[in-house]
Every structure is written in structure tokens, then in C-alpha cells.
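A.B. asks: The structure follows.
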Amino acid sequence: MPVVSTSNLCKNYGRIAALRGVSVTVEAGTIYGLLGQNGAGKSTLVKILLGIVKKSNGEANLLGAPAGTTAIRNRVGYLPEDHLFPGYHSARSLLDFYGRLYGLSRAERRGRADEALDVVGLRKRMDSKIRTYSKGMKQRLGIAQAFFHNPDVIFLDEPTDGVDPVGRKEIRDLLQRLKSEGCTIFVNSHLLGEVELISDRVAILNQGQIVREGTVADLTRQTNRYTIRLADGQAFPTEDVRALGFPVTAHNPFHDVEIPEGKTIDPVLHLLQRERLSLRHLVETKQTLEDVFVQMVESGEPGTDRRQGKTAPLPTAKRAE
Amino acid sequence: MQFCAILRDSFREAMDGFVIYVMLVLSLLFLGLIASLSFEPAPASRVIPDVLLQRFVLFLPESGASQIIGTIPGVRYEPSAIETEGSHVRFRLKVQGTPGRNGEADAFRKATAAWKKPPGKTVKLSAPSTTSRPKLGDKPLSEFELAEPIAVTTEEAAAVTPPMMTAFLENQFAVHFGINGAQVTPVDQTTPAGEYLFDVHLPRATASRGWPQSLGLFFGGVEVGEVGLGQTIYILEDQIVNGIGAGISLMIAVVITAFFIPNLVRKGSLDLIIAKPIGRVRLLLYKYLGGLTFIFLLSAVNFGGTWVILGLRSGHWDPRFLLAIPMLTFTFALLYAVSTLVAVFTRSAIAAIILTLGFAFVLYLIGQAKSLADQMRAMPEAPFHWPDSAYTISDTGNTILPRYKDLDKLMSLVTAEGTLTPIEMRFMTVTKEFPSWGEAVGLSLAYIAVMLACACWRFRNRDG
Ligand SMILES: Nc1ncnc2c1ncn2[C@@H]1O[C@H](COP(=O)(O)OP(=O)(O)OP(=O)(O)O)[C@@H](O)[C@H]1O
Ligand SMILES: [Mg+2]
């Protein structure tokens, strides 16, 4: 049974269509990454699953129960975006409060809270008031409260937001560890590199619709492009290769050769051999998730303003003064 | 479990602000002031002849059960050999009833016979100010009914026996000073016609409700004056603690608790708590009850503290005043329902505070207007009259809005019953027109239910 399954899920906030027919399935024990531009609807999807926001249409199930079922949330952890923890709590008392809401016993609350705060590196400060915490500390606390009660599934909305590089690495390790303990993890993020590192499956949400979905390997594999470098001083026979029907792009000292449908790289290699050119570098290029992402969202309508991945020019007139 | 968690959380939140400390400091100052009160019973040698026995001219017919006060002219009471032992007082009482002419019974026999009879015809009089100056909104026309001299037949007067006389006198001590268990025994000694001798033992007399006590503030540093114990405590409990004190507590509590729900539904906090396994309606109701528990504890400290300290300082322990704790909580339940409703709709603590206090003020105004309207109606010859619409508004307002004022009046009655002597209660004729508990509580409960239902409905159906 999938942990999360939605079909044709729609959400309208008044006239804004935040989700337009989203169908995703997340299997137990995997890390699932949801990517998308600002305003794509990532947070909305998670909020529907947790019952924070009401769906407008379609189906959404979490752990086999309709989204929003109160009792099921015992087995769920959630780190919301823009969270605002009550400043009058300390990290420890907050986890104690949440532990009571989850129905944990006193011993469990104490043990797990201390352990979780230790894992996220807050143990030393766990008795100070949350209002004295830095942004990253609050984020770490947010992660601790999402997993301390041993949930079956964890939703993390921008988990590494505001966390330093070391902390990010720690969080990635933590997620891997939780996964290895059988926990299912659902991550919303803009940080593609990060998602790429940890996710088993990835979906790209654009304008409230899923535009790509699959394993990271599926999404980034690109069999039809090779990067070639010749020995120093040898010129790449660009025109000859093009004449064979292979488009070439040069970025010295490399040349990218695109392989059209149904062909292989072999004719190019034969040509180089015939011309007695020495090969120094031959790699089948993979795209990064970022390339895929940028490609996807550039082809669609962007989420916020129509920027096409470029920044709008700054208003220069004023700056000249 | 979840309820306790939310309760503890609300407490932590309340203790986080400075307002609660303002409240606690005010409470402490106030309790300290009460603790500095000193009560010194006036000497029996003065009180018995000059105060207590002077009042015996009034009595309550129907053996003390009547609501109407009767008078007995022509009887003189003279104490002698007054002894005080702790709070007990003993003395010999000479009663002189003017002997009747032509073999008619003497005035004391007639009085005893009249005491046993129903009051008959009555006249209305303005009440003397027994406890306090009438407040605006009370019935300043406070009238009480006085029985016209009760006709007693020769046979009835002749049938009076010594045990009836002692019962009459014992009842008088209870009626005027609240001294229960007075022992009056006829002295076996021949006396002239119309003259009677009794030995009187008044247990715990100087601690009784009616006994005058010289009241001092700041441990006797400031002399306030000599007032009956019960009246002093009544004024303290009713006007100061349950009047001003409760008003201030309610206001501060409205301010403190107004932040609970807006903070809960604030963007960023709501997502965190809703993702926990607790239903929305339950969450909101628990938060509401958390607010009530808060004021319950506050009023338990203030009222319970006042009660204990006053008891220790004065020796007067009557538990009825403690009803003020649930009463204040109930009044607050009404205000907090408004606050909750506003908070769920606006997410703003400031709006909740302003509208809740505004609501309380409107209820107060309507209550006052209603009392005034009632008075004006009772005075057809008043110098001016309101337009009819004013009567309609105040009457309708009073009928359909929760009876906040009524709860206050009822609490005054309960406090009075716990402090005043029977005859003082008869003078407090405001008591005659007391609203019914059922209506006062029922209507407020209905309002609370409707407002909470609206708040829950909105909270359940909102996004985020
Ligand atoms: N409470 C709301 N009321 C109205 N519109 C909303 C609300 N919440 C979200 N939206 C709209 O829904 C769309 C999706 O928002 P959502 O927060 O799901 O985006 P997101 O993918 O999480 O973006 P980000 O990366 O910036 O967090 C946006 O256009 C947003 O303006
Ligand atoms: Mg988001």
C-alpha cells in the first residue's frame, strides 16, 4: 500500500488554481522529492495531505486513510514552511507538549526529545526559550519535532532552509538514516542538488501540474550526448562531424556531440581514427537535475512572473545618481 | 491527556507576558490590604444596652419567619450585670411592658402574641441605608414593608406563657444580631405586673454578624469606624472584591486570554499544531476551556484568598461567598466566547480585546438602562420621562441579551445571605425582585453555546 497517493487532486484558492489535477504515489520506505518554482503548489499539496487545507477536488490518501483524518496524524511528522514556534517554549518543553499531543508516555517524551535534539545538534540550548534561537536553530528544532515521535512518514517543506552547509549534510545523513529505519520521507525543495543526492524518486510540479516524475536516474539520464576532448594542439573536425549528421557545440577544449535518434557515436570515433586524432576525453554526459528542472520550467509558463529563468534588468536610471 | 497538554501550554503562554504579573501584583497588594484589616469587638457593656436592645422595637412576625417587619411600642429592655467571657456574653434582662389599663394585657405580652401572628396590613417605607449608599442601577427607591401594629385580642395576650416569651427573646437575638443558640431563662423571682426578669446567655455573641466592631486599616493604623461585622464583610465582599475586584480581574483576564487563540491561528503556528493528531473543534474548545481554567484559578486565588484572610482576621466563616469563584468564571465564559469568536474570524488579539470589552460595556449599559427604566416607570409623577423608544430598547435589550447584571445581583444576594443578619436582609428589599437563576444562567449559556458553535464552524472550515 502506498504511503501517499493522490489522484487528480485540485485546489483552488478563490480564483487561484494552486493544484490542477495532481496524481502522485509515494511508496513506503522511500525518499520522495517534490520540486517546483515558487508558487508551483508544493506546499499546498503537503497541506492537503495533512488536513491543513481542504482539497477542492480529486482524491488524496495518506497511510491508507483519506487526507485530514485526525487519528492518522499520530504516525506523521511535519515540518511546515515559515513555521512559527511559540517563543515561550524551550525546545525541550515544546517537544514535551507535542509528545503529549501524540500521546507519548512521560518516559518516551523525555527520552525521545533529548535524543532528537541531540541528533539535530540543539542539545546544549534545549532549555533556552525558542525566541532566543537563530533561524537555523529553529529549523533544526523543526526537524527534530518532525521525527522525534517515530512517525511512519515525514513531510519536510524546505528542510534545509536557513541551515548552514555542515547542518545540511547532517540533515541529509539524518534523512538517510530515517529511511533506513523504514520511514518514508516526502521533501519539498528548491535545492535541486540536495534533492538529487537523497531522493529515490522526484516529481517536478509546475503551475499546479506534475510535468515530470520518476527516479533521479530516469530524469537525468541523457544517452544522446557525448563530450569529447582531443590531445593538445589537435583541431576538432567540426565540419566533418557535422557533415556526418551529428550536431556539434564547442566549449573549448571540449566539444559536445549530439547523437540523433537511431545513431551511435561509432561513426564519429571512426572519423577521428581515420584523421589520426588522439582522443583524451570521451564521456557520455548526464544532465544534472537542475538542467532538467530549468528545461522543464522554461518550456512551461513560470510560476510567478514571466521571467524565463532570467532576472529582469534592474532599474538603472535611479542607480546612476 | 491532550487537554492537559493544551492547558499547560496556555499557562506557559499566559505566564510569558507581563500582564499576568501586573495581575498577580495587584492581587497580592489587595490581599495584603485585606490582611491589614483589624476587627475589634465593641464592649458588651455598651453594645447590649445602646445597640442591641434598642433594636428590639422591631421584630419579625410569624415567629420570625415573616418577610415583613413589625414594630412593638411600649416595651423597655434593661440589662444589668453584663459579663463577657471570651466571645460569650451573659447578663440579666429586665423587660418592662407598660401595663394595660382596665386589666388589659401589658405591652410585652401583646408583643409576644403579635410576634406569633402573621403581619396583616402593611405600609411601605423607604429603607434606611443599612449597608451602603444605593448604587446607580440598584433600586434607590428601595422600599420595605412595615406591618401596621398587629391587633392582638385579650385572649391571645392572656394565652402567652413564659416559654413563648423566652422563645420570642431568643428569636430577637437571632434576628437582630444573628446570634444563634441564645439561652434565655426566666428568673424565679416575683416582679411587679408587666415586669419580667430573664437570665441571658449569648454564645459567640461578639463574633456574631450584627456585633459592632471597630474596624482598622493597616493593622489598626487608620481607624475606620464602628460597623456591624456582617455589614463590613458584606461591603468588602460584595462591592470591593466582587464588584471592583471582579471587574478588574475580568478586564485583565480578557486581555491576557485574548492572545491565546490569535496566536494559535497565526500563520506558521496553526500548521504546526493542526498537523498533530487533534481535531480542530477539539483544539479550539480545549483552548477555550484553557482560558476558563485560567480565570478560575485566578479567581480562586483572589476570592479564596480574601475569604480565608477575612475569616482569619474577623472570625467570620461563611462559605457562600466562595460561590463567587464559579460565578466569575461563568461571567468570563460569556466574555471569552465573544473573544474566541472574534479571534477565529479576525485572527487579531486587539480586535478580540476591543470587541469583548465593548460587548461587556454594552451589556453593562443595557443593565443600567433597564434598572433606570424600571425606576422611572415606578414613579409616574417623575419630573421627566424618557421617550417610549428608550424603554423599548432597554427592555428588549435586557430580554434578549445575556443577563450579566442579573448574575451580579444574584451574587450580591448570596453574599448578603452569608453575611447579613435576618433583619438587615429584610431591609435589603432589592432582594424582593431577584432575577431567576434559571433565566440568568440559561440565557448566558445559550449565548455561549451559539458563539462557540459559530467559532467552531468557522475554524473547521477554514483553510490553514
Ligand atoms: N492561503 C492562500 N490563499 C490564497 N492563495 C494561496 C494560499 N496559499 C497558497 N496560495 C497560492 O497557491 C499557489 C501555490 O502556493 P504554494 O504555497 O503551494 O507554493 P509553493 O510551491 O510551496 O511555493 P514556494 O516554493 O514559494 O514555497 C500560489 O500561487 C499561492 O499564491
Ligand atoms: Mg512552499
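Just so you know, all these numbers are worked out from the coordinates, no wet-lab data involved. It should be emphasised that the depicted structure is a prediction, and the values quoted were computed from it without experimental measurement. Don't worry about glycine lacking a Cβ; one is built from the backbone with ideal geometry, like all the others, and counts go over all protein chains shown.
A.B. asks: Once you have the Kirkwood Rh of region A:1-56 from its Cα pairs, apply Stokes-Einstein at 20 °C and 1.002 mPa s and quote D in µm²/s.
C.D. replies: Rounded to a whole number, D works out at 181 µm²/s.
A.B. asks: Going down the list A:LYS54/A:LYS135; A:LYS55/A:LYS135; B:LYS117/B:LYS409; B:LYS116/B:LYS409; A:LYS47/A:LYS169; B:LYS121/B:LYS405, which pairs span over 28 Å between their C-alpha atoms?
C.D. replies: Numbers: A:LYS54/A:LYS135 30 Å; A:LYS55/A:LYS135 31 Å; B:LYS117/B:LYS409 32 Å; B:LYS116/B:LYS409 32 Å; A:LYS47/A:LYS169 26 Å; B:LYS121/B:LYS405 33 Å.
Exceeds cut-off: A:LYS54/A:LYS135; A:LYS55/A:LYS135; B:LYS117/B:LYS409; B:LYS116/B:LYS409; B:LYS121/B:LYS405.
A.B. asks: Rounded if a/c is under 1.5, else prolate if a/b beats b/c, else oblate: with a ≥ b ≥ c from the C-alpha gyration tensor eigenvalues square-rooted, which is chain A?
C.D. replies: prolate
A.B. asks: Taking amide H positions as placed in the peptide plane 1.01 Å from N, state which residues far from A:TYR13 in sequence (5 or more) or on other chains have amide H under 5 Å from it.
C.D. replies: A:ALA18
A.B. asks: Just to check I understand the Karplus step: with θ = phi - 60° and J = 6.51 cos²θ - 1.76 cosθ + 1.60, what whole-Hz values come out for region A:250-258, glycine and proline as x?
C.D. replies: 9, 9, 3, x, 9, 10, 9, 10, 8
A.B. asks: Pull out the extension gain between B:MET376 and B:ILE350, defined as 0.36 nm times the separation in residues minus the alpha carbon to alpha carbon distance; nm, one decimal.
C.D. replies: Fully extending the segment from B:MET376 to B:ILE350 adds 5.5 nm.
A.B. asks: Hey, how many Å between the Cα centroid of region A:215-289 and the Cα centroid of region B:1-18?
C.D. replies: Answer, in whole Å: 67.
A.B. asks: For chain B, give me the percentage of DSSP beta bridges that are antiparallel, rounded to the nearest 5 percent.
C.D. replies: Numbers: 38 of 39 bridges.
Restricted to chain B, the bridges split so that about 95 percent are antiparallel.
A.B. asks: Quick one: of the DSSP bridges fully inside chain A, what percent are antiparallel, nearest 5? Walk me through the numbers before you get to the answer.
C.D. replies: Numbers: 34 of 53 bridges.
Of all bridge pairs located within chain A, approximately 65 percent are antiparallel.
A.B. asks: So for region A:222-287, what percent of the C-alpha to C-alpha distances run longer than 20 Å?
C.D. replies: Values: 342 of 2145 pairs.
Pairs farther apart than 20 Å: 16 percent.
A.B. asks: Mind checking region A:201-301 for trypsin sites (Lys or Arg not before Pro) that DSSP puts in a loop (not H, G, I, E or B) and that have at most 16 other Cβ atoms within 10 Å?
C.D. replies: Here the trypsin sites (Lys or Arg not before Pro) that fit, given the DSSP loop and packing criteria, are A:ARG221, A:LYS263, A:ARG276, A:LYS286.
A.B. asks: Just to check I understand the Karplus step: with θ = phi - 60° and J = 6.51 cos²θ - 1.76 cosθ + 1.60, what whole-Hz values come out for region B:228-240, glycine and proline as x?
C.D. replies: x, 4, x, 5, 4, 5, 4, 5, 4, 6, 7, 7, 7
A.B. asks: Counting only DSSP beta bridges with both residues in the protein assembly as shown, what percent are antiparallel, rounded to the nearest 5?
C.D. replies: Of those bridges, close to 80 percent are antiparallel.
A.B. asks: Counting Lys +1, Arg +1, Asp -1, Glu -1, what net charge surrounds B:ALA360 among other residues with beta carbon under 14 Å of its beta carbon? Kindly include the intermediate steps, with their values, before the conclusion.
C.D. replies: Values: positive: B:ARG403, B:LYS405; negative: B:ASP408.
Once all neighbours under 14 Å are counted, the net charge is +1.
A.B. asks: Moving to a separate point now. If you find the alpha carbon centre of region B:217-250 and of region A:1-67, how far apart are they in angstrom?
C.D. replies: Centre-to-centre distance over Cα atoms comes out at 64 Å.
A.B. asks: Same structure, new question: Over chain B, consider all pairs of different Cα atoms and compute the Kirkwood hydrodynamic radius from their mean reciprocal separation; express it in Å, one decimal.
C.D. replies: 25.5
A.B. asks: Can you put B:TRP386, B:TRP115 in order, fewest other beta carbons within 10 Å first?
C.D. replies: By the 10 Å Cβ count, ascending, the order reads B:TRP386, B:TRP115.
A.B. asks: Okay, moving on. Output the 0 to 90 degree angle, nearest 10, between the alpha-carbon long axis of helix B:404-419 and the longest principal axis computed from the alpha carbons of chain B.
C.D. replies: The helix B:404-419 is inclined about 40 degrees to chain B.
A.B. asks: Right, next: For every helix of n ≥ 4 consecutive DSSP H residues, a contribution of -39,500 (n - 2.57) applies; sum these over chain B, divide by its total residues, and give [θ] at 222 nm rounded to the nearest 500 deg cm²/dmol. Don't skip to the answer; put the middle values down first.
C.D. replies: Working: 18 runs with 239 residues, N = 464.
For chain B, the value works out to -16500 deg cm²/dmol.
A.B. asks: Between region B:176-203 and region B:385-464, what is the C-alpha centre distance in whole Å?
C.D. replies: One Cα centre to the other: 46 Å.
A.B. asks: Right, another one. Starting from region A:1-42, pick out the trypsin sites (Lys or Arg not before Pro) whose DSSP state is loop and whose Cβ has at most 16 other Cβ atoms within 10 Å. Before the final figure, lay out each step's value.
C.D. replies: Working: sites: A:LYS11, A:ARG15, A:ARG20, A:LYS42; in loops: A:ARG15.
The qualifying sites are A:ARG15.
A.B. asks: So what is the orientation-averaged projected area of the protein assembly as shown, using the convex hull of its C-alpha atoms, in nm²?
C.D. replies: Projected area, direction-averaged: 54.6 nm².
A.B. asks: Also, quick follow-up: What FRET efficiency comes out for the pair B:THR161/B:ARG55, r = Cβ-Cβ distance, R0 = 25 Å, nearest 0.05?
C.D. replies: Numbers: r = 25 Å, r/R0 = 0.99.
After rounding, the FRET efficiency stands at 0.50.
A.B. asks: Related question: If Lys and Arg each add +1 and Asp and Glu each add -1, what is the summed charge of the other residues whose beta carbon sits under 13 Å from the beta carbon of A:GLN273?
C.D. replies: Local net charge: -1.
A.B. asks: Within region B:346-425, which GluC sites (Glu not before Pro) sit in a loop by DSSP and count at most 15 neighbouring Cβ atoms inside 10 Å?
C.D. replies: B:GLU381
A.B. asks: Further question: Please report the net charge: other residues with Cβ closer than 13 Å to the Cβ of A:LYS55, K and R +1, D and E -1.
C.D. replies: Every neighbour counted, the sum reads +2.
A.B. asks: Output the Cα-based Rg and Dmax of region A:57-199 in Å, rounding Rg to one decimal and Dmax to a whole number.
C.D. replies: Final numbers for Rg and Dmax: 14.9, 46 Å.
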